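Heads up, the thing below is written out as structure tokens.
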Amino acid sequence: MDFALTEEQQMIVDTVRGFVETEIYPHENEVERTGVVPKELGQEIARKCRDLGFFACNMPEEVGGAGLDHQTFTLVERELGRGSMGLTVFFGRPSGILMACNAEQREKYLIPAVKGEKFDALAMTEPDAGSDVRGMKCFAKPDGDDWIVNGTKHFISHANIADFVIVFIATGEEQTPRGPKKKITCFLVDRGTPGFEIRDGYASVSHRGYKNCILSFDDCRLPSSAILGEVHKGFDIANDWLYATRITVAATCVGRARRVFDYALPYAAERKQFGKPIGTNQGVSFKLADMITEIDAADYLTLAAAWRLDQKLPANREIASAKLYASEMLARVTDQAIQIFGGMGLMDDLPLARFWRDARVERIWDGTSEIQRHIISRDLLRPLGA
């Protein structure tokens, strides 16, 4: 395992970081203030991303993507993590689940998503089904060759800009040793489908401008051709997505933590109290030492998990460890940075309070810290029969 960047990887890191600094940073304060990303601005970011050749860089070359391996794409996500998610979402990384599209679906959904002609969103969570995904109540009943869907999804990220949504819906039930569990099927649903509504979600303290939405299905009729994969086999295609999104969360947490550290370190060296830089005091210098140690540890955990995916090795526990540690690390680093800045750290003149607020959701979405600990402990104990 070699973490030294190749010449190509270093070029990618430099390019994406430069893009974030020039195309994302200048708009962050306004998005933070209004909670809105103007449509024209989002389209401009997407266009510039396409011009750079980075749009859909996570997708295979065979469908028009850049075909980056997991490690290199993790480096891209790490650099994007430095910027506001409300803006970087337009950088364009279609869901890898779309690779399960059949020939007809590829032309309608996958290829347009890779080209940047359509944006997708992914919907699984419901008001009563968060960590317990199989407890979902949104249900599709067969009606001839069609399916009639009723129910609600919420906390659906960036569905406000989506042209279609990848939705996981219960289509049956099975008995398990732990009781009845829903069978899940994945559907591709176009915006504007009769009986399907996308509306604004909740106001959030984290990631302003990056909207969450509520999806409602009221006797929504979907053809069988809308099924992605096979009936009742939705989880079979969900696992790869969960791997990818959890590594993305870990990587973006590392990128954001490094940006926070870039504020804290020079401030500690320049800010003077009692006639000397505050960084010469152990109360501050030890904070810096702990911060960079944790950032580096999270970075290496994340890259190691991505490396295992590239080697086609089991990576469930490693990905969970990276997501768990990186998200909790970001909370500690942002808090310590504010402590170093003192009262100014909470003022709107600096983005530290924003980073601090944004950090809170990372321990919740894409699997809570408790779920990650469950995955890790289960992986350790199952081989021992426990």
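Given the structure, is Asp236 within 24 Å of Asp145 (Cβ to Cβ) and part of a helix (DSSP H, G or I)?
In short, yes.
So, Tyr202, is that one in a loop (DSSP other than H, G, I, E, B) and either surrounded by 14 or more Cβ atoms within 10 Å (Cβ to Cβ) or aromatic (Phe, Trp, Tyr) (or both) or not?
Against the criterion (in a loop (DSSP other than H, G, I, E, B) and either surrounded by 14 or more Cβ atoms within 10 Å (Cβ to Cβ) or aromatic (Phe, Trp, Tyr) (or both)), Tyr202 qualifies.
(1) among the charged types (D, E, K, R); (2) open to solvent by 80 Å² or more (accessible area, probe 1.4 Å); (3) part of a strand (DSSP E or B); (4) in contact (Cβ under 8 Å) with a residue 24 or more places away in the chain: which one isn't true of Lys183, the others all being true?
Single failed check for Lys183: (2).
Quick one: is Arg199 modelled with pLDDT under 95 and of a type in the set (D, E, K, R)?
no
If we only count helices (runs of 4 or more DSSP H) wholly inside the stretch 1-68, which ones have 2 or more residues that are over 19 Å from Gly209 (Cα atoms), open to solvent by 60 Å² or more (accessible area, probe 1.4 Å) and out of contact with any Gly (no Cβ under 7 Å at 6 or more places or on another chain)?
Where helices (runs of 4 or more DSSP H) fall fully within the stretch 1-68 and carry at least 2 residues being over 19 Å from Gly209 (Cα atoms), open to solvent by 60 Å² or more (accessible area, probe 1.4 Å) and out of contact with any Gly (no Cβ under 7 Å at 6 or more places or on another chain), they are 7-19, 39-52.
Could you count how many residues in the stretch 202-221 are hydrophobic (A, V, I, L, M, F, W, C), modelled with pLDDT of 95 or more and out of contact with any strand residue (DSSP E or B) (no Cβ under 6 Å at 6 or more places or on another chain)?
Looking only at that region, the number is 0.
Of all residues in the stretch 217-241, count the ones that are open to solvent by 20 Å² or more (accessible area, probe 1.4 Å) and either under 21 Å from Asp190 (Cβ atoms) or touching a Ser or Thr at 6+ places or on another chain (Cβ under 9 Å) (or both).
The qualifying residues number 13.
Under 6 Å by Cβ, and 6 or more places apart or on different chains, what pairs join a residue from the stretch 53-67 that is of a type in the set (S, T, N, Q) with one that is open to solvent by 20 Å² or more (accessible area, probe 1.4 Å) and assigned to a helix (DSSP H, G or I)?
Pairs found: Asn58/Phe73.
Identify the residue in the stretch 158-180 that is surrounded by fewer than 16 Cβ atoms within 10 Å (Cβ to Cβ) and part of a loop (DSSP other than H, G, I, E, B) and, among all such residues, is farthest from the chain's Cα centre (by Cα).
Pro177
Looking only at the stretch 285-306, count how many residues are free of Cβ contacts under 8 Å to residues at least 12 places away in the same chain and farther than 18 Å from Val13 by Cα.
Residues flagged as free of Cβ contacts under 8 Å to residues at least 12 places away in the same chain and farther than 18 Å from Val13 by Cα within the stretch 285-306 amount to 3.
For the stretch 70-95, name all the residues that are outside any helix (DSSP H, G or I) and either within 18 Å of Val254 (Cβ to Cβ) or free of Cβ contacts under 8 Å to residues at least 40 places away in the same chain (or both).
Gly81, Arg82, Gly83, Ser84, Arg93, Pro94, listed by residue number.
Do the conditions hold for Asp348, that is, is it in contact with a His (Cβ under 7 Å, 6 or more places away or on another chain) and either farther than 16 Å from Val254 by Cβ or free of Cβ contacts under 8 Å to residues at least 40 places away in the same chain (or both)?
Taking the combined requirement at face value, the residue does not satisfy it.
Condition first: over 30 Å from Val205 (Cβ atoms), modelled with pLDDT of 95 or more and of a type in the set (Asp, Glu). Can you find one or more residues in the stretch 33-50 that meet it?
Among the residues of the stretch 33-50, not one is over 30 Å from Val205 (Cβ atoms), modelled with pLDDT of 95 or more and of a type in the set (Asp, Glu), which makes the answer no.
The values are calculated or read from the model by the stated rules, or taken from the named source; none is laboratory data. These numbers come from a predicted model, not from an experiment. Every residue, glycine among them, receives a Cβ derived from its backbone with ideal geometry; neighbour counts consider all protein chains shown. Remember, those area values only see protein heavy atoms, side chains included, never the ligands or the DNA or RNA. Shrake-Rupley method; radii C 1.70, N 1.55, O 1.52, S 1.80 Å.
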